[in-house]
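Nothing in this text is a laboratory measurement; each read-out follows from the coordinates by a stated rule. Only a predicted model underlies this, so the values are computations on that prediction, with no experimental measurement involved. Cβ placement follows ideal geometry from the backbone for every residue including glycine, while neighbour counts extend to all protein chains displayed.
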Amino acid sequence: MCLWDPVFGVDGPHPYGQWGVYLPNELVMETVTWMSANHGEFEVLFHPNTGEMVGDHDSERRAMWIKQQVPLDLDFLIWLQCKWFGCNDGLAHQTSK
């Protein structure tokens with residue numbers, strides 16, 4: 001498991017502060033169960049890191065929210081994906097919902 005420091009304020013696609021945890025696959029179900037019962041006032045986003053950032057953060061594809069979904073800036077993720085990995089024809093023309 002790997003934790004990163006909290007970020008306060010807008011950060012990338014996130015509209016307000018956030019922090020993250022990288023989990024090995026074998027801990028995901030136990031962690032989702034625990035977070036479902038213990039998230040308090042916070043929304044929780046679980047998503048894989050497949051290398052396709054938009055789909056990984058999109059709740060209609062691979063992301064899962066606990067409590068309520070927070071709108072993310074998927075256009076930022078499209079820009080970042082293209083900057084880091086190059087654009088394919090489909091990604092370059094995607095727009096957020």
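Side notes on the structure shown:
- Remark on the chain: C2 stand apart, with no other cysteine beta carbon under 4.7 Å.
- Stokes-Einstein, applied to the Kirkwood radius of segment 2-92 over Cα pairs at a viscosity of 1.306 mPa s and 10 °C, places its translational diffusion at 112 µm² s⁻¹.
- Basic side chains Lys and Arg get +1 at the Cβ, acidic Asp and Glu get -1 at the Cβ, and with that the dipole of segment 2-92 about its Cα centre reaches some 20 debye.
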